[in-house]
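S.K.: Let me begin by handing over the structure; questions about it come next.
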Amino acid sequence: MIALLTLLACADKTPATDDSAPVAPALPELLGPAVAPDLDPADDVVEVELVAGVTDAEFIEGISTPGVWAYNDQVPGPLIQARVGDTLRVVFTNNLDEATTIHWHGLRIPDEMDGVPAIQDPVEPGETFVYEFTLPDAGTWWYHPHVRSNEQVERGLQGMLVVHEAEPLIVDAERAFVLDDIALTSDGQMYSFDLDNSHPQQVHGRTGGTLLANGQSGLLTGTSRPGGVERWRLVNTANARTLFASVDGASWRVIGTDGGLIPEPWTDRRVQLPVGRRVDLEVIPDPEGEGPVLNVLVQSGLGFDTFPVFQAELEGEPGDGLPLDWGAEPLPAMQETTQDVEMTFSVTGGGTSIYWLINGATWDEHEPIVVSGDTPTRIVVQDESLANHPFHLHGNFFQVVSVDGEPVDFPGLLDTWQVNGGQRVELYSELENPGRWMSHCHILEHAERGMMTELVVE
Ligand code: C2O
Ligand code: CU
């Protein structure tokens, strides 16, 4: 409600007179988790306040889950929205009993604002830290702690950050969906985080039996214009589970991914969301029928189980049902590479204590990999652990070149790519953003058990 009022207030500003600065158009209205109010009156600065604390939540209707850790008492945390080029200032206070940070997943910002403990001293209980940076790219991003993240993210510290294009295309509705699976006992308690004694989590990561869309396990509802055009933004914030998504009752295309809008939208039966991945969908509700439905699919044996998480009823004047011209720039052409980065994933140990390694070392023992910035670079990720690992690189985009020597034509810029057991994946990056960048598996239990290293871009 606060968000809506803010938007209305912006839209109401009187037109600029000749000697006053032009008024930026209001940001599109986002439907989903409550939006964080912008506390700074300047047009090109968004200031939000986030407070991490302990609360209860009702993930399952009628059942209270204690021990939830949340930003501003909501799970997921507030939707943060701004426009590309804006300054984002986040005044963050830690009211937890333990240290934490906020990492801005996917953003190409300076490394001292990246929220990783190798660079920033974690924010201790009772302390405040101000994150402030310019938003370099439009797209769908997310934020989460980078300290003991297997527990902190699962307990609820996670949220979406939407950076609008300078001139967003006009749609009938723009929706945000934060998708997670959470491990709850039958009476709604959080399942144990003791990795040693709940050892299967060390192996496969923590997967849960309760699927949440915007913090709820019940069906989310809304209304849609038949034949209108909607933009749906999705993020998979699960600790370990690869999700898939599809839409019924509409024609739909993938129009964006990790790095923002893509040049060539594509359609498929379903779209894969490895942990950490975002996709933007264009959804055109069928002119008649039950209304559009967002399904989340999870692998089960050789097939998929399908869970509807959102359904809209058709309402209003029919639109013309035509897709929009999303018109993103072509991807940067890949140049001849002049340096190589190799990361080999493996596993060691046994019993209740296994460790996941990159180049033979856990995070505690890692040797940073030092490379030159602004240089066409081949990054080869070779898995020898025979487990799947969503590989994530901070601070820079990459493209996928090949998997096991077979060329892959993925039409977008990425920060996360799923490396399946035994695969050899070749990625291409120009390492355009200098800094110390964590590179890790985004299965948070694997990361916690060692599978993180650092790429130093000079
Ligand atoms: Cu989403 Cu290093 O993380
Ligand atoms: Cu992994």
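S.K.: From the backbone phi of segment 93-103, what are the Karplus-calculated ³J(HN,Hα) couplings (6.51 cos²θ - 1.76 cosθ + 1.60, θ = phi - 60°) in whole Hz, Gly and Pro given as x?
M.R.: With coefficients 6.51, -1.76 and 1.60, one gets 10, 9, 9, 7, 8, 9, 5, 7, 9, 10, 9 Hz.
S.K.: Related question: About the Cα centre, and with charges only on the beta carbon of Lys, Arg (+1) and Asp, Glu (-1), how big is the dipole of segment 174-314? Nearest 20 debye, please. Spell out each step's value before the answer.
M.R.: On the way: 11 positive and 18 negative charges, 53 e Å.
So the magnitude is around 260 debye.
S.K.: Pop out the Kirkwood hydrodynamic radius of segment 208-280 from its pairwise C-alpha distances, inverse of mean 1/r, in Å to one decimal.
M.R.: Mean inverse Cα-Cα distance, inverted, gives 13.7 Å.
S.K.: Based on the Kirkwood radius over alpha-carbon pairs, what value in µm²/s does the Stokes-Einstein equation return for the translational diffusion coefficient of segment 230-383 at 20 °C and 1.002 mPa s?
M.R.: Numbers: Rh = 19.2 Å.
In µm²/s, the coefficient rounds to 112.
S.K.: For the chain, what value does the Rg/Rh ratio take when both radii are computed over Cα atoms and Rh is the Kirkwood radius, given to two decimals?
M.R.: Details: Rg = 21.4 Å, Rh = 22.6 Å.
That ratio is 0.95, to two decimals.
S.K.: Mind checking the dipole of segment 2-166: about its Cα centre, +1 per Lys or Arg Cβ, -1 per Asp or Glu Cβ, Debye to the nearest 20?
M.R.: For segment 2-166, the charge dipole is close to 300 debye.
S.K.: Okay, next question. Using +1 at the Cβ of each Lys and Arg and -1 at the Cβ of each Asp and Glu in the chain, identify which of L314, S300, A183 lies farthest towards the dipole's positive end.
M.R.: With unit charges placed on the Cβ atoms, the residue in question is S300.
S.K.: Compute the orientation-averaged projected area for segment 339-457 from the convex hull of its Cα atoms and round it to one decimal in nm². Walk me through the numbers on the way to the answer.
M.R.: On the way: hull surface 27.0 nm².
So the Cα hull casts an average projection of 6.8 nm².
S.K.: With each pseudo-label sitting 7 Å past Cα toward Cβ, what's the D325-D121 distance in nm, one decimal?
M.R.: Simple spin-label model gives 5.5 nm for this pair.
S.K.: Here is a follow-up. Taking all protein chains together and a probe of 1.4 Å, list R108, R269, R83 from the most accessible to the least accessible. Write down the numbers at each step before the final one.
M.R.: On the way: R108 70, R269 185, R83 30 Å².
Largest accessible area first, the residues go R269, R108, R83.
S.K.: Of the accessible area of the chain, with the probe set at 1.4 angstrom, what percent is carbon plus sulfur?
M.R.: Values: 9150 of 18710 Å².
It is 49 percent, rounded to a whole number.
S.K.: Based on C-alpha coordinates, I'd like the Rg and Dmax of segment 174-314, in Å.
M.R.: In order Rg, Dmax, the Cα atoms of segment 174-314 give 16.2, 53 Å.
S.K.: Charges on Cβ only, +1 for Lys and Arg, -1 for Asp and Glu, centred on the Cα centroid of the chain; of Q201, L273, V123, which one is farthest towards the dipole's positive end?
M.R.: So the residue furthest toward the plus end is Q201.
S.K.: Sticking with this one: Considering only V90, I63, V51, whose Cα is most displaced toward the positive end of the charge dipole of segment 2-166, charges sitting on Cβ of Lys, Arg (+1) and Asp, Glu (-1)?
M.R.: I63
S.K.: Still on this structure: How big is the shadow of the Cα convex hull of segment 139-236, averaged over all directions, in nm²? Walk me through the intermediate numbers first.
M.R.: Numbers: hull surface 33.2 nm².
The orientation-averaged projected area of the Cα hull of segment 139-236 comes to 8.3 nm².
S.K.: A further question on this structure: With r as the distance between the Cβ atoms of V54 and D187 and R0 = 22 Å, compute the FRET efficiency 1/(1 + (r/R0)^6) and round to 0.05. Walk me through the numbers before you get to the answer.
M.R.: Numbers: r = 19 Å, r/R0 = 0.85.
The value I calculate is 0.70.
S.K.: What dipole magnitude, in Debye to the nearest 20, does the chain give about its Cα centre under +1 on Lys/Arg Cβ and -1 on Asp/Glu Cβ? Please report the intermediate quantities before stating the final value.
M.R.: On the way: 21 positive and 73 negative charges, 189 e Å.
Here the chain has a charge dipole of around 900 debye.
S.K.: What is the mean projected area of the alpha carbon convex hull for segment 45-85, to one decimal in square nanometres?
M.R.: Numbers: hull surface 14.2 nm².
Computed as one quarter of the Cα hull surface, the answer is 3.6 nm².
S.K.: Helix 2-11 versus the longest principal axis of the chain: what angle, 0 to 90°, nearest 10, using Cα atoms?
M.R.: 60
S.K.: What are the principal axis extents of the Cα atoms in segment 113-167, in Å, biggest first?
M.R.: That works out to 40, 23, 20 Å along the principal axes.
S.K.: I would also like to ask the following. Can you tell me which of 437-447, 156-166 comes out highest on packing, and rank the rest after it, using the mean Cβ neighbours within 10 Å?
M.R.: So the peptides 437-447, 156-166, ranked by packing, come out 437-447, 156-166.
S.K.: When 1/r is averaged over all different Cα pairs and the result inverted, which Kirkwood radius in Å belongs to segment 58-213?
M.R.: Evaluated on segment 58-213, it is 17.0 Å.
S.K.: Give me the number: length gained by fully extending I170 to D364, i.e. 0.36 nm times residue separation minus the C-alpha to C-alpha distance, one decimal in nm.
M.R.: Numbers: separation 194, 0.36 × 194 = 69.84 nm, distance 4.82 nm.
Result: 65.0 nm gained on full extension.
S.K.: Nearest 500 deg cm²/dmol is fine: what mean residue ellipticity at 222 nm does the chain get from its DSSP H runs of n ≥ 4 alone, each adding -39,500 (n - 2.57), divided by its residue count? Mind dumping the intermediate values first?
M.R.: On the way: 4 runs with 26 residues, N = 458.
Helix-only estimate at 222 nm: -1500 deg cm²/dmol.
The values are calculated or read from the model by the stated rules, or taken from the named source; none is laboratory data. What you see is a predicted model; the values in this text were computed from it and never measured. As a convention, Cβ positions derive from the backbone with ideal geometry for all residues, glycine included, and neighbour counts pool all protein chains shown. Please note that ligands, DNA and RNA were not included when accessible areas were found on the heavy atoms of the full protein model with its side chains. Shrake-Rupley method; radii C 1.70, N 1.55, O 1.52, S 1.80 Å.
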